[in-house]
Amino acid sequence: MKQAIIRRVLIVDDHPFFVAGLAQALQVTHGVEAVATADSLGEATRVLQSGPHPDLILLDLSLPDRGGLGLFGTLETMGLPIPVVVISSRDDEEAVNAARAAGAMGFVAKSCDQQSLARMLSTIAGGGLFFPDAMVTTSQTPMSLTPRQRDVLALLAEGYPNKRICQKLSLTDHTVKTHLKSLYSTLGVHNRTECANLARSMGLVD
């Protein structure tokens, strides 16, 4: 089977110096013909709507308007089966698992060398997955959450607002907000919807 060629790449990241360096490496060293950039999910959506569509999206986890993982919902809504590789300054187990569970085809640390970047491009072009396997947890509940965080997460996934979570668990509003902040950080998301959707996909809630 002939391997696909990655000719067009969209980088979604709000760090201009990193983006410039990555774009240059992709074009000069790795033979990518065209690199588009977007510094937010809103801008990425506009780029995808205007076309032509990229062969690969390189996505940062943290963006100004929403958590980077929100792009997967946008791609699904637009009906665009474009492979996405998360490229992030975070390279911990939680970030890798969150990216994989959200639907990413790979995960690369921003500190990666040119050889790793080349291997990633080749693997994705061949239809494979590119993850640091030693860091990918295979258990049903990969996240290290406290019992109380799991309680808060379960109620959030059921659609309970903060006030009702406080009442159900006999917690203060401040405590609930603290738990939510920790959950968002652990899962690499930025809002309740992303948190609930990702938690379901990872088997953390029913």
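The values are calculated or read from the model by the stated rules, or taken from the named source; none is laboratory data. This structure is a prediction, so every number in the text was calculated from the model and none was measured. Reconstructed Cβ throughout: ideal geometry from the backbone, glycine too, with neighbour counts over all protein chains shown. The accessibility values were calculated without ligands, DNA or RNA, using every heavy atom of the protein model including side chains. Shrake-Rupley method; radii C 1.70, N 1.55, O 1.52, S 1.80 Å.
Key figures
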read-out	value
Cα gyration tensor of the chain - equivalent ellipsoid semi-axes, whole Å, descending	33, 17, 15
Rounded accessible area of Thr186 (nearest 10 Å², 1.4 Å probe)	30 Å²
Residues of the stretch 18-77: accessible area per residue with a 1.4 Å probe, Å²	44 Å²
Cβ-derived FRET efficiency at R0 22 Å, Phe18 paired with Ser122, nearest 0.05	0.50
Helix-only mean residue ellipticity at 222 nm for the chain, each DSSP H run of n ≥ 4 adding -39500 (n - 2.57), per residue, nearest 500	-13500 deg cm²/dmol
Protein-only accessible surface order, largest first, of Glu94, Glu33 at 1.4 Å	Glu33, Glu94
Diffusion coefficient, µm² s⁻¹, Stokes-Einstein with Kirkwood Rh over alpha-carbon pairs of the stretch 1-107 at 4 °C and 1.567 mPa s	93 µm²/s
Choice from Gly21, Gly68, Gly128 showing the highest fluctuation, given a GNM over the chain with Cα pairs closer than 10 Å	Gly21
Heavy atoms of Tyr160: accessible area, 1.4 Å probe, square angstrom to 10	50 Å²
Extension gain, Leu80 back to Lys168 (0.36 nm per residue minus Cα-Cα distance, nm)	27.6 nm
Cys112-Tyr184 FRET efficiency (beta carbon distance; Förster radius 30 Å; 0.05 resolution)	0.75
Inter-label distance, nm, simple model (7 Å from Cα along the C-beta direction), Glu158/Thr193	2.2 nm
GNM flexibility winner over the chain from Leu71, Leu156, Leu187 (Cα, springs under 10 Å)	Leu156
Accessible-area value, Ser185, 1.4 Å probe, nucleic acids and ligands omitted, Å²	70 Å²
Amide H partners (placed H, <5 Å) of Phe130, local residues excluded	Gly106, Phe107
Amide H partners (placed H, <5 Å) of Ile11, local residues excluded	Ala36, Thr37, Ala38, Leu58
The stretch 1-64: C-alpha gyration tensor shape, a/c 1.5 cut-off, then a/b vs b/c	oblate
